[in-house]
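S.K.: This is the structure I have questions about; it appears just below.
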Amino acid sequence: MNELPENKSHIRIIGAGLAGCEAAWQAARCGVSVSLYEMKPKKRTPAHHQDGYAELVCSNSLRSNEIYNAVGLLKEELRMLDSIVMEAAYQSRVPAGSALAVDRDRFSAYITEKIKSHPLITVYEGEEISSLCGDEITVVATGPLTSPALSKEIAGLIGDKSLYFYDAAAPIVDAESINYDTAFFASRYGKGEATDYLNCPFTKEEYDAFYQALITAETAEMHEFEKDLTVFEGCMPVEVMAKRGYQTLLFGPMKPVGLPLPSTEKEAYAIVQLRRENNQGSMYNLVGFQTHLTFPEQRRVFRMIPGLENAEFHRYGVMHRNTYINSPGVLSSDYSLISAPHIFFAGQMTGVEGYVESASSGLVAGINAARRAKGEEPYIFTSETMIGALANHVGFGNSANFQPMNANFGIVAPLEKRVKGGKKARNDAYAVRAISHISYIKDRLFSSAE
Ligand SMILES: Cc1cc2nc3c(=O)[nH]c(=O)nc-3n(C[C@H](O)[C@H](O)[C@H](O)COP(=O)(O)OP(=O)(O)OC[C@H]3O[C@@H](n4cnc5c(N)ncnc54)[C@H](O)[C@@H]3O)c2cc1C
């Protein structure tokens, strides 16, 4: 354990995972001292097995490293802001083509050493925190498998209905990749706004082919501790529902009633409804299509849906244990709790999804917890950056259907001008704009501390 230096500005961080370590690092860069509490090695979640910090619990890949790819851009923004997670990733990189993959032991060892040896950070290992009482500025970064005692405390703080324990999300597609010659706008029985729903109609032959593909597609492996997830009827995977019988989907998520085709005014044999995911209408989710198929199988099978032949997926459907907050209206875009702004949340539990995204929220929460400790105004990243777009999703996403989100271009602020040259040119323009914004703010953000 380090000696804590004399410093009035102090914060507490709970959880030395990806978000907690990034938050500690950034807060310390802002000149604030940090007490970091981690329950390992005394107690572990079902997915954590190592003693080091920032343990990668599954894949060793931090996904694409190309900046015209959304998560690649996020990585570049974090790197520019001297993220410890990015520094460790580059130090422990292993060859993986255009992806950034790491040697997980070296990755964790690098971060552990940097955190433990930082003069402003004091670590308390084997300490499970279960209370958020008091007025200490605190960042809760305990991850998707937060210990039960602390989960109970959080539920008490924000209300039972705002804390979820599993993630059963349907895929989300890019609005521009939908074929509007086939898909048509309408809400069932004409109720509500017609533009809220797009409908993909099937003939019987199309349904038969889709049905066969769905019931024979490959599913992702479940972790032992997640196997009881399937007991929740409300989040039954679409492929499991399909296996109950040929008719089940036709009376469930694919029922065509109340949605006549604009061309014939007759009902199709089956319909998949897409619901608008954000205000801009840049993303749509497949209603009732929570799934446990592997990502390549989702791409193959769901592209058989008429109108989605060329669909680009902003996120694939997932089903896994995941403690997360229904954040819009509960958290601000600086990741602080609206009802108790001295408490910040960071990581997967805020409604971001993925290793890099968790680090990103740790960066924002760490900087803002430090600013609060120093009596400074919060710093809100704009949605022109991927870091800010994720924070904006957390603060202002759709609370009626809030789902954890990967980095993707559907959540960033639209470009001021239309860019010709297709998706790659458009993504390049997003990246140029974001990087110039981060270059501009970088020195100003940390100038008071360094
Ligand atoms: C099984 C599983 C597999 C995943 N696979 C991937 C993947 O392959 N790729 C990907 O990008 N994302 C994956 N994720 C999603 C997510 O990116 C990771 O969970 C990521 O580690 C989240 O970072 P975090 O900092 O929010 O939480 P974590 O990295 O889990 O860190 C939380 C830390 O808090 C500690 N802790 C918990 N409760 C307490 C407490 N009460 N007191 C003190 N300490 C506590 C834990 O021991 C842990 O060290 C996966 C998630 C799960 C659950």
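The values are calculated or read from the model by the stated rules, or taken from the named source; none is laboratory data. In this text, all values refer to a predicted model and were calculated from it rather than measured experimentally. Here the Cβ is made from the backbone with ideal geometry for all residues, glycine too, and neighbour counts use every protein chain on show.
S.K.: For the stretch 344-355, name all the residues that are part of a strand (DSSP E or B) and either near the ligand (Cβ under 9 Å from one of its atoms) or surrounded by fewer than 24 Cβ atoms within 10 Å (Cβ to Cβ) (or both).
M.R.: V352 - this is the single residue of the stretch 344-355 that is part of a strand (DSSP E or B) and either near the ligand (Cβ under 9 Å from one of its atoms) or surrounded by fewer than 24 Cβ atoms within 10 Å (Cβ to Cβ) (or both).
S.K.: Residues of the stretch 176-229 being out of contact with any Ser or Thr (no Cβ under 8 Å at 6 or more places or on another chain) and within 16 Å of the ligand (Cβ to nearest atom), which ones?
M.R.: Selection gives E221, M222, H223, E224, F225, E226, K227, D228, L229.
S.K.: Could you tell me whether any residue of the stretch 38-57 is farther than 26 Å from S131 by Cβ and either assigned to a strand (DSSP E or B) or polar (S, T, N, Q) (or both)?
M.R.: There is at least one residue in the stretch 38-57 that is farther than 26 Å from S131 by Cβ and either assigned to a strand (DSSP E or B) or polar (S, T, N, Q) (or both).
S.K.: Please go through the stretch 185-217 and pick out each residue that is in contact with a Pro (Cβ under 8 Å, 6 or more places away or on another chain) and part of a strand (DSSP E or B).
M.R.: Listed by number, the residues that qualify are C200, P201, F202.
S.K.: Here's another thing I want to ask about it. Mind checking which residues of the stretch 131-175 are surrounded by fewer than 16 Cβ atoms within 10 Å (Cβ to Cβ), closer than 25 Å to V32 by Cα and near the ligand (Cβ under 10 Å from one of its atoms)?
M.R.: Matches in the stretch 131-175: S131 only.
S.K.: A further question follows. Considering only the stretch 25-69, how many residues are more than 20 Å from the chain's Cα centre (by Cα) and away from the ligand (no atom under 11 Å from the Cβ)?
M.R.: 11
S.K.: Among (1) in contact (Cβ under 8 Å) with a residue 24 or more places away in the chain; (2) touching a helix residue (DSSP H, G or I) at 6+ places or on another chain (Cβ under 7 Å); (3) in the same structural domain as I14 (by TED's automatic domain parsing), which single condition is L415 missing?
M.R.: (1)
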